[in-house]
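The values are calculated or read from the model by the stated rules, or taken from the named source; none is laboratory data. Predicted model, so just to flag it, every value in this text is computed and none were measured. Using ideal geometry, Cβ is built from the backbone for each residue, glycine included, and neighbour counts are taken over all protein chains shown.
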4 protein chains.
Amino acid sequence: MGELMQAVVKSAAEAGAELVTRSIPRPGADEVLVRVKATSICGTDVHIYGWNSWAAGRIRDLPQILGHEFAGEVVEVGSEVRRIKVGDFISAETHIPCRACKQCLTGQMHICNNLKILGVDCDGCFAEYAVVPEIVAWKNDPSVAPELAAVQEPLGNAVYCTLVEPVVGKSVLIFGDGPTGLFAAAVAHVAGASKTFLVGRHPVRMEIARKVGATQTLDDNRDDIEGTLLSETDGLGVDVVLDMAGTQRAIDLGFKMVRKGGRFSAFGVAGGRVSIDLNDGIVFKGVTVYGINGRLMFDTWFEVRNLLASGRLDISPIITHKLPLSEFAEGFELMVRRPKVSGKVVLIP
Amino acid sequence: MGELMQAVVKSAAEAGAELVTRSIPRPGADEVLVRVKATSICGTDVHIYGWNSWAAGRIRDLPQILGHEFAGEVVEVGSEVRRIKVGDFISAETHIPCRACKQCLTGQMHICNNLKILGVDCDGCFAEYAVVPEIVAWKNDPSVAPELAAVQEPLGNAVYCTLVEPVVGKSVLIFGDGPTGLFAAAVAHVAGASKTFLVGRHPVRMEIARKVGATQTLDDNRDDIEGTLLSETDGLGVDVVLDMAGTQRAIDLGFKMVRKGGRFSAFGVAGGRVSIDLNDGIVFKGVTVYGINGRLMFDTWFEVRNLLASGRLDISPIITHKLPLSEFAEGFELMVRRPKVSGKVVLIP
Amino acid sequence: MGELMQAVVKSAAEAGAELVTRSIPRPGADEVLVRVKATSICGTDVHIYGWNSWAAGRIRDLPQILGHEFAGEVVEVGSEVRRIKVGDFISAETHIPCRACKQCLTGQMHICNNLKILGVDCDGCFAEYAVVPEIVAWKNDPSVAPELAAVQEPLGNAVYCTLVEPVVGKSVLIFGDGPTGLFAAAVAHVAGASKTFLVGRHPVRMEIARKVGATQTLDDNRDDIEGTLLSETDGLGVDVVLDMAGTQRAIDLGFKMVRKGGRFSAFGVAGGRVSIDLNDGIVFKGVTVYGINGRLMFDTWFEVRNLLASGRLDISPIITHKLPLSEFAEGFELMVRRPKVSGKVVLIP
Amino acid sequence: MGELMQAVVKSAAEAGAELVTRSIPRPGADEVLVRVKATSICGTDVHIYGWNSWAAGRIRDLPQILGHEFAGEVVEVGSEVRRIKVGDFISAETHIPCRACKQCLTGQMHICNNLKILGVDCDGCFAEYAVVPEIVAWKNDPSVAPELAAVQEPLGNAVYCTLVEPVVGKSVLIFGDGPTGLFAAAVAHVAGASKTFLVGRHPVRMEIARKVGATQTLDDNRDDIEGTLLSETDGLGVDVVLDMAGTQRAIDLGFKMVRKGGRFSAFGVAGGRVSIDLNDGIVFKGVTVYGINGRLMFDTWFEVRNLLASGRLDISPIITHKLPLSEFAEGFELMVRRPKVSGKVVLIP
């Protein structure tokens, strides 16, 4: 292993990032060092790259390496590391738990009281090498390609959000044609949803949605969404709503379209407070709402691994671009300014 | 059985009601006729009595007999009636289901698509006799006193709302010191909650809450609610929030005080749309929200009956007033203008 | 409608049955009359046809029309019938509930305390016309072919048994290559099981299993079942066992192969008492066992309808034979003496 | 801290144990050293003390310190220990998990694939000091007395076994009047069971059961158990059976008495294979059976702590004897030969 590496670094409190040469980090006692084989761009990375107000308020120490979705090979482990070995092909959970709070002690580490986020609260993985705590390291199935293994983290969001209750034989309505919405369409399909609708705005992405399993996509700019959904559900509304958009529009339409006794999974992050018709949307309908953050550690990861390794879940149409790490700026450009042509973007160091 | 009866009737589209003499109704083929032994006043009755905008928009045919909570003896049954016999001591579920929609066919009759409400969509039970469909008739435990049996319907709201997930060993926060909130305090206690907090505004009602099992009551006008709850829960927030108030205040404070991974049961009816901090209140916390309407038919009723019959649940302190049916106006007065002295009000025909 | 019909009748307390001419029955007040379009043979019919000791002890009144699985068109309804109309294309739940017991009042009608079974406790549907109570009538999706609609009842067994907990991303082991085992393989596949193993003895049936979705079939006479399963599950054992056989062999192997924390669904009917290694098979492993009888009324039926209507579940390879009703004897022969060539057998009146 | 301590040690492969002087052990990097304030005797300790065939086959290295239930103060922590501090008042989970297997990664550490048991696979806590891995250390509520804190581990068995599904408003039948059965009676009561029956053989213990909450105790040698239970449950059978005995008698009677759709928690360890009426006891009834081993780590511990700290669960009548550690032989004697006078026995170093 050489001593220097290339990394995509946010150096200053302003938009943009740069490719810099850095020393390869060394793992602490409970950490592992990974040679990154593939890494992918998340919406959070886009916020940090663009340095919006959330990022400016949240990121504490600059310079910092961006990124948190990856797959790679372990090349060194710390002295306290027991489960992970050199040579393991791993990805990582982004939520770094404290292991001491009530949630960490009751199978809810993903909502730890003292959560740190990889690539947000510490250096990330848009680099040739990255260090992660053993507690979040996840052994991949060796048969899965690195670019697919890299996106297991956001895929896990979709798996947890979609499958928090069964969808088999049910109708599912997804808001949002970003990568997580597309993943959700694939997941709902493989899990046996009888009808999967996706509301989006970008024809290319909606075509991907149909390719991975959506029964029907609805263009929010043009289609009669309410009429279509009612006619497709005997006038009842859908069994399940997955909000991967977080917009007031999705919330209003979602609570209107969910059937009595149905389920609403809230994953999308809203721009601020939202207005809800609590009476007619939730109380009188007897609807259950699940706030979804992250993925179950590690129940969701097992599901993701098994679905990918078995070949049952084909998410490759969602990964529309694979670029060298050095072309990271083009990757961000694709996600921000050209959603019309892109799904998920993977970078290869 | 005589041919005439006394009944509390809303005759005109304006506030108030009057005691009138009516013919005793006859049960239809799938109905039963009950001689009412005790009946109790619900918030819905108060809305209809006071003829607020909701009532004016909802009630279709006048004159109509008010009331839907009761206990009594069956004195006649229709030709298709099989389960209920003359002489049975019954109460009734208020939600009259269609028996044909998807919810009715899947154990969710309480949120039937074509729901009718006793005393709202048809004549009610503030009378010496009442007719109810067999499908909603509920056989009471003979050992339970009529005034306790009469309030099983609102008690069932509290049982369903509180126990939609277990509370044993958990901390529970109740908003609202009306009768349903007080019932919820009693239910949380008997079901093993380790701490039960009730936020209210009326000292007499909060005293009742403590009597039936609340660990601590908090006066919304004076106490440091946030500080107290955080100090009582190791800074985590409460495991369970039961909103029996439906106010913006309860919603804001509830979603702020519920712990990560906690549960929020929404039963209170809001005055209109509400504003919610979806991100911090639900999504990032991984909170589950249950819309609660009515009671499970009839799982909740079995729980209610068993808890009352076993003597484990003592709700008698919540029934503060027992009046003759003819003094119904005083009953309404107690509930509307004098909540400082009243809990649940029962009328005896 | 003519006044006479052909029906397959068990006339005497001995093996066999005969095709006889009967009056078309008239529906009672709460019943519907159906013109049968397709009907299928169940193992229970085989027992009655062969008049084994169970049948001899259970069937009370002869002569009786056999059969309980069917699809057909409603041609007449009784005076109390409200949900079903003349012209509806229906099948029927076989479990006729009392509507009055605790289970019937709590969403568990399928295990009613006073259960009657269609074709066992009353005349069945191996006939041109059949009468069923409205309570068990199920409106089919009009797009589903009668021979597929006819087998929804046993398919529902498989759906309930398989999906009592989610299987998505899990490994599933099925014992039994009879029609219900084959249905279960199809269901596990459509619901997202990552690996589905079926243990059987008949090559033709195991080939069908693979066609409808089993990842791998294991021949109980030849294959190294334990070795294969351990190697396919990282030595852990399978997540889910579905016993559709009821043999001591299936029970022993099932509880041995299920992983710690796994699930065992017991649907197969045993020949008598069974021996179980309670400690190592259930207690120390923390296994959950579900006794499965019938199907949820009507949650399972909705799942079945949605899966068939959406085209997601293709069970047509399992229906290997379609015969005229008059050739019923050949149908029984196929199921009893020639399991090597048959899956499910459908009769067309 | 002195350098020597007293400990109850099994020195030879034969019945008995002796009080010996040992060096106080030092904690490893991920371990903590505890000064034991109270420790209690479990059935497992009795097996090892008596050196029955299970113990002879299971215990690998002698000499070994007995015991695994305790409460004490942390006096030293290893270099990798982060959650636990010197001065903490702790007890410990007995199941030492590997932290690497599938169960350990999915919230089921209590059934880890590579489980080690404190006091069985390594030195235990019948001593003045004991070493335990940090992963199993549990911080007690400071208000709970050491002798109550010491029995949280077996109490946790009862809590997990009883509350694996809610018992509120249900009838519960417990087999076994040993300490875990008595704990279960207390737990069922505090969690709102409407009727709790306990089948036992020792009048003193059954009296304790009634004191902590059993509605009725049934003497297996004399009472008409079936008749009583049927008459107390409207002929339906009980909602919940908790088998804390593991005898063929308990299994037969339990599956006979559980109602259709009911629940059977299997915690008792059987003497060998058992015979079960699978058809009538599980399949046709639609019964769910939970194998219960250990306690959820650490959901159950939180429930236990909250119930004890809130004063809602009073288990003090179950602790019938408190002896100095040096009188351990009398303690074993009480549990083995004199169950007629003893519940749980606590030893104080």
Does C:Val341 meet the test of being touching a residue at least 24 places away in the same chain (Cβ under 8 Å) and in a loop (DSSP other than H, G, I, E, B)? yes
Taking first residues from the range C:106-120 that are assigned by TED's automatic domain parsing to the domain that holds C:Ile48 and second residues anywhere that are surrounded by fewer than 21 Cβ atoms within 10 Å (Cβ to Cβ) and among the aromatic types (Phe, Trp, Tyr), the pairs with Cβ under 7 Å that are 6 or more apart or on different chains are C:Thr106/B:Phe302
C:Ala127 meets each of (1) more than 18 Å from the chain's Cα centre (by Cα); (2) surrounded by fewer than 24 Cβ atoms within 10 Å (Cβ to Cβ) with one exception, condition (2)
Selection from the range B:112-128 of residues in a loop (DSSP other than H, G, I, E, B) and among the basic types (Lys, Arg) yields none
inquiry  = Based on this model, can you work out whether C:Glu153 counts as among the charged types (D, E, K, R) and in contact with a Lys or Arg (Cβ under 6 Å, 6 or more places away or on another chain)?
reply    = no
Over the range A:294-330, the set of residues part of a helix (DSSP H, G or I) and within 14 Å of chain C (Cβ to nearest Cβ) is A:Asp299, A:Thr300, A:Trp301, A:Phe302, A:Glu303, A:Val304, A:Arg305, A:Asn306, A:Leu307, A:Leu308, A:Ala309
Looking at the structure I just gave you, is B:Gly261 within 25 Å of the chain's Cα centre (by Cα), surrounded by fewer than 24 Cβ atoms within 10 Å (Cβ to Cβ) and more than 30 Å from B:Asn140 (Cβ to Cβ)?
no
Just to be sure, is B:Ser310 surrounded by fewer than 20 Cβ atoms within 10 Å (Cβ to Cβ), out of contact with any Ser or Thr (no Cβ under 9 Å at 6 or more places or on another chain) and at pLDDT 95 or above?
no
Original post:
For the range D:62-74, does any single residue satisfy the condition of being more than 23 Å from the chain's Cα centre (by Cα) and in the same structural domain as D:Pro324 (by TED's automatic domain parsing)?
Top reply: yes
Scanning the range B:189-239 for residues that are of a type in the set (D, E, K, R) and touching a Pro at 6+ places or on another chain (Cβ under 8 Å) gives B:Arg205, B:Lys211, B:Asp219
Result of the Cβ filter at 6 Å on the range A:192-208, keeping first residues that are assigned to a helix (DSSP H, G or I) and partners that are among the acidic types (Asp, Glu), at least 6 apart or interchain, is A:Arg205/A:Asp177; A:Met206/A:Asp177
In the set B:Val172, B:Val144, the lone residue that is of a type in the set (Val, Ile, Thr), in contact with a helix residue (DSSP H, G or I) (Cβ under 7 Å, 6 or more places away or on another chain) and in the same structural domain as B:Leu62 (by TED's automatic domain parsing) is B:Val144
Counted residues in the range D:33-62 being surrounded by 15 or more Cβ atoms within 10 Å (Cβ to Cβ) and within 14 Å of another protein chain (Cβ to nearest Cβ) come to 2
Taking the range B:246-270 and keeping only residues that are outside any strand (DSSP E or B) and either at the interface with another protein chain (Cβ under 9 Å from one of its Cβ atoms) or not hydrophobic (A, V, I, L, M, F, W, C) (or both), one is left with B:Gly246, B:Thr247, B:Gln248, B:Arg249, B:Ile251, B:Asp252, B:Gly254, B:Lys256, B:Phe267, B:Gly268, B:Val269, B:Ala270
The residue from B:Ala186, B:Ala137 that alone is out of contact with any Lys or Arg (no Cβ under 6 Å at 6 or more places or on another chain), small (Gly, Ala, Ser), more than 10 Å from every other protein chain (Cβ to nearest Cβ) and under 26 Å from B:Val336 (Cα atoms) is B:Ala186
Among residues of the range D:140-172 being in a loop (DSSP other than H, G, I, E, B) and within 20 Å of B:Val187 (Cβ to Cβ), the residue farthest from the chain's Cα centre (by Cα) is D:Gly169
Selection status of B:Lys116, basic (Lys, Arg) and in contact with a Cys (Cβ under 7 Å, 6 or more places away or on another chain): yes
Checking B:Ile282, B:Ile292, B:Ile319 in turn, the sole residue that is more than 27 Å from B:Arg210 (Cα to Cα) and touching a residue at least 24 places away in the same chain (Cβ under 8 Å) turns out to be B:Ile282
Restrict the check to the range C:99-111 and report whether at least one residue is in a strand (DSSP E or B) and either within 14 Å of chain B (Cβ to nearest Cβ) or under 30 Å from C:Arg263 (Cα atoms) (or both).
no
Scanning the range B:230-245 for residues that are within 24 Å of B:Ala270 (Cα to Cα) and either part of a loop (DSSP other than H, G, I, E, B) or of a type outside the set (Val, Ile, Thr) (or both) gives B:Gly237, B:Asp239, B:Leu242, B:Asp243, B:Met244, B:Ala245
Of those in the range D:271-293 that are crowded, with 21+ Cβ neighbours inside 10 Å, under 27 Å from the mean Cα position of the chain (by Cα) and in a loop (DSSP other than H, G, I, E, B), the residue farthest from the other protein chains (Cβ to nearest Cβ) is D:Ile292
inquiry  = Condition (residue is more than 14 Å from every other protein chain (Cβ to nearest Cβ), in contact with a helix residue (DSSP H, G or I) (Cβ under 7 Å, 6 or more places away or on another chain), farther than 28 Å from C:Ile319 by Cα and part of a loop (DSSP other than H, G, I, E, B)) applied to the range C:13-32: is it met by at least one residue?
reply    = yes
Of the candidates B:Gly72, B:Gly57, the one satisfying the condition of being modelled with pLDDT under 95 and either outside any loop (DSSP other than H, G, I, E, B) or within 30 Å of C:Asp141 (Cα to Cα) (or both) is B:Gly57
